[in-house]
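Working notes, structure below.
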Amino acid sequence: MDTLFLEFFQNTGFYLCDYRNIIMIIVGMIFIYLGIAKDYEPLLLVPIGFGMLVGNIPVFKGLGLGIYENNSVLHYLYFGVTQGIYPPLIFLGIGAMTDFSTLLARPVLMLLGAAAQAGIFITFLGALALGFLPKESAAIGIIGGADGPTAIFLTAKLAPHLIGPIAVAAYSYMALVPVIQPPIMKLLTSRKERLIRMEEPRQVSKREKMIFPVIAFLLCCFLAPAALPLLGMLCFGNLLKEAVVTERLAVTARTALIDIATILLGLTVGASTQGDVFLTQNSVKIFVLGALSFCIATACGLLFAKFMNLFLKKKINPLLGAAGVSAVPDSARVVHVVGQREDPSNFLLMHAMAPNVSGVIGSAIAAGVLWSLMI
Amino acid sequence: MDSSAACLSESIIFKGLDARDIDSLVPLFSRRTVVPGEILAQAGHGTQFFFLLEEGALLVAMEEGRAVVLNRPGDFAGLSMVSHNGTNTATITVLEKGAVWVVSCLKILDLTGHDTQMAAIIMEGWQQFCKEKAPFCSNLAETGVI
Amino acid sequence: MNGVDAVGVLYGLEAINAHNGWAISVVGVTIVFTGLVSLSVLISQLHKLVTLYNNPGRIKKLFALKSKSAAKAGTPKKHLVLTEAQKQICRQYNLLAQTMDDVISLPKLLRMAELSGLKEPHANINFLVKSGILCADEQGYFRWDEDRFIRAVS
């Protein structure tokens, strides 16, 4: 009987537990806390945080329970991540809930979304310099796009072994947009610039909104075909939304479908952060590079907005540049809040959505470009 | 050069004339300030005056809802654009405050009715003006006024 | 900064050079910019195409107007900057214009404005003509330039 108890005890988590599992469980609980108590991206941080708890329960290898074990349930669910299935589904939902009106009203703001993508390529160079292989560097660089699904999609294609740290880094920094961006915004802009008011955007017709996803898809995918899975779904989702007659499909895409994909993606990405696999020197480097990537992307957007102001007759508020990192709609909200701190009657949210959604398109193109350049 | 002479020289209709001819026209014109909404000529009434625009804007409302807006100094609301057989065919309304040079219809007809070089220049300018301002009426310039 | 570690992994500028990092970055940034710039140029013209599609008659007029651009010398082409009051006037007259045919009779519009009790109809119609929102065609009628109107009031 003693032997039976001993054997059972040796199969419990208490016996198999490693300090790395404990660390990851604590990180997972912090994620859950930030999501629930601080309201930082709760729809992402809570599933990922709980996934971390799931993934770091020490299990006896061979029982077919761990995410990295063939035939385990988690492994099957994780298939959607490693094969890049969930991100396009999430993009379908994002497309079905995104209103591109502000972008259509002021297309010049799209350039801010392009400028912020420079952070991706600068970080790519940084990762190469730190000794990562080109494919790994490309996957790390995409964190600067501040777009979780895109980061996961590209990493699954180029460096599947880094999905855990890259996904966690990407989502962590997205959740921390309200903390990371404001200091950079204040550092790179003067008070006078932050006070600039934007012109009221023109009215955009329904027909324009319907044509946009088709044109955007054709143009971008002809230019960067590798962006097809992400941009295709984004534009398709948007067409469903704008077409009106497909409202039922659009509602499904932006509610049930995106929620299911988010739950499965969040949970399995969290579960992939098993302490022994996740806590490595490379993960630390990825987190540092991810933070840098995010900061550089924000700075590039801000500086490019200032650069544009040199040529524009009607100046734009350079804070909008910070919304060029995709992180929809958090970075746009941050721009609005920072602008309102200087002038409570200045409403920038609507204007910031333009670079914000163009950042989504920009990061998808950047992912497609990196993918095609690496294969 | 007083302002009527300046206005005549600026007009596409009269600018082909030399300074001496323009000086001879000046006494025919008298200046009048106009205000928005003022009706200078009414369709169906007998034609008395034509108007050379110095400043402001005039609406020449013709039949079938057609209209021409005269808004450049030197634009001329006269001849076949506004009159036919001694009757106004258009209503001239002031759109913008300004000034016009008023000229008697008969004096202008007398001037252009003779086979002189001055008349030829004026009619050539008039054709050019009509072509530019009212191309919808191809025979406007050729149509006799009386 | 540069170097190779014990297992032969390259670091620093040497790693960037060896993996063609500079070229990949430049090409990447260029493609992203090209894509978004061309998309922004395209969508900046989109509303004009939509306006044409909504008013097929304008396509014909567009070509006719181009050949007679000299006749429209009085129509300013530069971007309008209007006051709120002027924008309001534009909106009011747009509503009136919508009740009329594609081609607008200016005397009729003036009469309707007077009947509707709009203030200073003469001066305001003159303003719309001067601003190019009401454009003369070759037939003595006018058309409402939707594109210019939207840009003026937005």
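The values are calculated or read from the model by the stated rules, or taken from the named source; none is laboratory data. None of the values given here were measured: they were computed from a predicted structure. For neighbour counting, all protein chains shown are included, and Cβ atoms are generated from backbone atoms with ideal geometry for every residue, glycine included. Accessible surface is based on the protein model in full, side chains and every heavy atom, while ligands, DNA and RNA are left aside. Shrake-Rupley method; radii C 1.70, N 1.55, O 1.52, S 1.80 Å.
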Contact order relative to length of chain A, as percent, for alpha carbon pairs under 8 angstrom and 6 or more apart:
29 percent
Relative contact order of region B:3-133, please, whole-number percent, based on alpha carbon pairs below 8 angstrom and at least 6 residues apart.
34 percent
If you wrap a convex hull around the C-alpha atoms of the protein assembly as shown and split its volume per residue, what is the figure in Å³?
201 Å³
Pairwise label distance in nanometres, A:Thr12 with B:Thr116, each label 7 Å out on the Cα-Cβ vector
12.5 nm
Listed residues A:Leu257, C:Asn17, C:Ser38: farthest to the positive end of the dipole of the protein assembly as shown (Cβ charges):
C:Ser38
For the C and A pair, go ahead and give the buried accessible area with a 1.4 Å probe, both sides summed, in Å² to 100.
3200 Å²
Sequence neighbours fewer than 8 away in the same chain don't count; with that in mind, list the aspartates and glutamates whose C-alpha is under 16 Å from A:Lys315.
A:Glu193, A:Glu199, A:Glu200
Measure up A:Lys38/A:Lys135; B:Lys97/C:Lys108; A:Lys61/A:Lys157; A:Lys206/B:Lys97 against 32 Å on the Cα-Cα distance and list the ones that go over.
A:Lys38/A:Lys135; A:Lys206/B:Lys97
Student exercise, region B:3-133 dipole from Lys, Arg, Asp, Glu Cβ charges, in Debye to nearest 20:
180 debye
Hey, can you find the accessible area per residue of chain A for me, probe 1.4 Å, expressed in square angstrom?
41 Å²
Return the single residue from A:Gly131, A:Gly113, A:Gly339 with maximal mean-square fluctuation; model: Gaussian network over chain A, springs between Cα atoms under 10 Å.
A:Gly131
Divide, for region C:3-51, the radius of gyration over alpha carbons by 2.2 N^0.38 Å, where N is the residue count.
2.07
Starting from the exponent 0.38 and prefactor 2.2 Å, build the expected Rg for region B:3-133 from its residue count and divide its actual Cα Rg by it.
0.97
Angle check, please: helix A:330-342 long axis (alpha carbons) against the longest principal axis of chain A (alpha carbons), in degrees 0 to 90, nearest 10.
50 degrees
Relative to the longest principal axis of chain A, what angle (0 to 90°, nearest 10) does the C-alpha long axis of helix A:73-82 take?
30 degrees
Can you give the average number of partner chain beta-carbon atoms within 10 Å of each beta-carbon in peptide A:123-132, as a whole number?
6
Of A:Leu195, A:Leu53, B:Met62, whose Cα points farthest to the positive end of the dipole of the protein assembly as shown (charges on the beta-carbon: +1 Lys, Arg; -1 Asp, Glu; origin at the Cα centre)?
B:Met62
Specify the residue with the greatest mean-square fluctuation among B:Val100, B:Val68, B:Val60, computed from a Gaussian network of chain B linking alpha-carbon atoms under 10 Å apart.
B:Val68
So what's the gap between the Cα centers of region A:166-239 and region B:106-131, to the nearest angstrom?
65 Å
Inverting the mean 1/r over all pairs of different Cα atoms, compute the Kirkwood radius of region A:124-253 and quote it in Å.
17.8 Å
How big is the dipole moment of region A:81-374 about its Cα centre under a simple scheme where the beta carbon of each Lys and Arg is +1, that of each Asp and Glu is -1, and everything else is neutral? Debye, nearest 20, please.
780 debye
Charge dipole magnitude, Cβ of K and R +1, D and E -1 - the protein assembly as shown, Cα centre, debye nearest 20:
420 debye
Just want the answer: with Cβ charges of +1 for Lys and Arg and -1 for Asp and Glu, which residue in B:Gly37, B:Ala90, B:Ile121 is farthest toward the dipole's positive end in chain B?
B:Gly37
Please report, largest first and rounded to whole Å, the three semi-axes of the ellipsoid equivalent to chain A, where each semi-axis is the square root of five times an eigenvalue of the C-alpha gyration tensor.
38, 22, 19
Helix A:19-37 sits at what angle to the longest principal axis of chain A, using alpha carbons and giving 0 to 90 degrees rounded to 10?
40 degrees
Probe radius 1.4 Å, ligands and nucleic acids ignored: give me the carbon and sulfur share of the accessible area of region A:285-375 as a rounded percent.
72 percent
